[in-house]
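K.L.:
My questions all concern the structure below.
Every read-out reported here was derived from the displayed coordinates using simple, explicitly stated rules and does not represent laboratory data. Since this is a predicted model, take the numbers as computed values, not measurements.
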Amino acid sequence: MASPEPTDDDRFIVVAGRRWRASDPLLPEPVRDRLVHHLMAARRAVAAARSAGDPMGERAARDRVQQAKEGLGERGTPWWELTPAQRRTRWEAALTALGAGDDGSAAVS
């Protein structure tokens, strides 16, 4: 699979002709990795809940997907409209809401 093509302003990526908001480039790599880990786990939980016919579990998993996507800057207020401090607050809040890391750390710099 080819890498996504960034737009000229680097605010979006193009995948299969469709434009998606890019992740916040200010995210430190360990933070990005942790949020992506949570995002993928939440997406797997959505699929499992759907397979099990569990609408409440699916809703909870979709909420976790939303939190991870917001932490990555892919949803919510566009990252380019926020100050660096607001961006950091957003990703720290997302990590906290998602239950911190497996090691118990809520924020990684």
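K.L.:
Return a whole-number percent for the relative contact order of the chain, with Cα pairs under 8 Å and 6 or more residues apart as the contact set.
P.N.:
Once normalised by length, the contact order is 25 percent.
K.L.:
Here is a follow-up. To the nearest µm²/s, what D does Stokes-Einstein give for the chain at 25 °C and 0.890 mPa s, using the Kirkwood radius over alpha carbon pairs as Rh?
P.N.:
Stokes-Einstein gives a translational diffusion coefficient of 167 µm²/s.
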